[in-house]
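Coordinate-derived values only; no laboratory data. The structure presented is a predicted model; accordingly, all values stated were derived computationally and were not measured. Positions of Cβ are backbone-derived with ideal geometry, glycine not excepted, and every protein chain shown enters the neighbour counts.
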Amino acid sequence: MAAAVHKLLHPHHPNGEPPPQSNEPPTSPQNRQDLASMEYAREEEKRILAHWEEHKRPLSPGQITEDASRKIVGHSSTVLRQEDFELIKTLGTGTFARVWLVRLTNPQDGDRNKVFALKILRKVDVIRLKQVEHVRNERNVLAAVAGHPFITTMVASFQDPDSLYMLLDYCPGGEVFSYLRRARRFNEPTSQFYAAEIVLILEFLHEKEGVAYRDLKPENILIDAEGHLKLVDFGFAKKVENRETYTLCGTPEYLAPEVIRNTGHGTAVDWWAFGILVYEFLVGQPPFWDQNPMKIYEQIVEGRVRFPSAMSPEARDLISGLCTVDTSKRLGNIKGGAGAVKAHPWFRHIDWEALYNRKIQGPIVPHLRGPADTRNFDEYEPEPEGREPYSQDMREKWEDCFKDF
């Protein structure tokens, strides 16, 4: 199956390069054959996309990193186009992207309920907002991690002259943030379940991929149809490995002290944010908050977490270890890495292998009318008209940056 997808990426060339440009006239037999071959490849890829979930299973960390070109997911397609998808409803918008619920156009019998999330990024907006590197990072990280049970699956990416596209699995449960606000706070078993799935995400990103996620917060965690988490929005993710980076990015309440001080940061920022997240799960709000972001930053750099009396000693100890200003003493960043977090007493009831393989029932399973149910997503304004075109000058300067798509 994966080999079939691999052949479809570049149907004319065995080593994965596009076919050479032909000087033949458009109506020549050679060009007609090329067009027919491309059209066949396009229809075959759509057929495989319609059935990719039948092969969906958690890949082991080794299988995910083994050979991206052999995975059924995460590939760059030269044949898909926007018109291959029917846009059903906007699921979310950002400053330079819009995410749609989509289905394949003209679906085969029985495929009408097979839906995806399609993230559309207009090239002109990506360039104008200086997001080229972030978008490239996002696409490449998602390709590398496709197949992880708790990370949004990028099924494929593609582009056209004006836009970039990432075809993702659809998580109909919506944001964890919404459930947290409705419940005010999660009880300890619910918090432990979600926190444990996030530990498995961070363990994989840091120790297998050398990637810092850098934007961990409830709004970036969705719940899928079975009640498991899916981490989304990898716009700030960056492969740092053992180096340090200096870009200020993230959400104020979740920023680590080293990001605020601009002293250089690595994957340890995610363990700090994870501590803030566990606190917010249990309490209902993050430990450092003020209407003035500068006051938030002062509290973070001071690093004094105040715990409510009802919080268990194990939870306090875990959060204190994670929210340690000194990165050399921060849990998750000390010897043992994620293993030290998994061994913490707060997680003593977690069966890590069963959890990774999605064999444990999620605490919140969304009530859905069907695979295309969008009740857990807000309504959005339609896209504005008359936007700036992607000019020839822009194309000549930037198009090479998007070749990975």
Item checked: Pairs of alpha carbons in the chain whose separation is greater than 34 Å (percent) -> 32
Margin query: Full-extension gain between Asn262 and His367, please, as 0.36 nm times their residue separation minus the C-alpha to C-alpha distance.
Written below: 33.4 nm
Next item on the list: Would you please put 370-381, 226-237 in order of how densely packed they are, using the mean number of other Cβ atoms within 10 angstrom per residue and starting with the highest?
Entry: 226-237, 370-381
Notebook entry, point to check: Counting only residues 5 or more places away or on other chains, whose amide H sits under 5 Å from the amide H of Gly92 once H atoms are built in the peptide plane?
Noted result: Val99
Next item on the list: Would you calculate a helix-derived [θ] at 222 nm for the chain, using -39,500 (n - 2.57) for each DSSP H run of n ≥ 4 and dividing by the full residue count, to the nearest 500?
Entry: -10500 deg cm²/dmol
Margin query: So, R0 is 35 Å and r is the distance between the beta-carbons of Cys401 and Glu226; what FRET efficiency does that work out to, to 0.05?
Written below: 0.40
Notebook entry, point to check: Near the amide H of Ser163, under 5 Å away, which other amide H atoms are found, from residues 5 or more places off or on another chain, if H is placed in the peptide plane?
Noted result: Lys123
Notebook entry, point to check: Which entries in Lys71/Lys239; Lys123/Lys217; Lys71/Lys329; Lys239/Lys335; Lys238/Lys397; Lys238/Lys403 show an alpha-carbon gap greater than 30 Å?
Noted result: Lys71/Lys329
Notebook entry, point to check: What is the calculated FRET efficiency for Lys89 to Ser328, with r their C-beta to C-beta distance and R₀ = 35 Å, to the nearest 0.05?
Noted result: 0.15
Next item on the list: Could you tell me which helices of the chain pass both thresholds, a Cα extent of 15 Å or more along their own axis and a mean Kyte-Doolittle hydropathy of at least 0.5, with helices taken as whole DSSP H runs?
Entry: 268-283
Note to self: If I take R0 = 25 Å and measure r between the Cβ atoms of Ala310 and Ala343 in this structure, what FRET efficiency does the formula 1/(1 + (r/R0)^6) give, to the nearest 0.05?
What the structure shows: 0.50
Margin query: Calculate log10 I(q)/I(0) of the stretch 92-164 for q = 0.15, 0.18, 0.22, 0.28 Å⁻¹, where I(q) comes from the Debye formula with a single equal point scatterer on each Cα and nothing for solvent.
Written below: -0.61, -0.84, -1.11, -1.34
Notebook entry, point to check: For the chain, with only Lys/Arg (+1) and Asp/Glu (-1) charged at the beta-carbon, what is the dipole magnitude about the Cα centre, in debye rounded to 20?
Noted result: 880
Note to self: Over the stretch 176-356, what portion of Cα pair distances is larger than 30 Å, expressed as a whole percent?
What the structure shows: 10
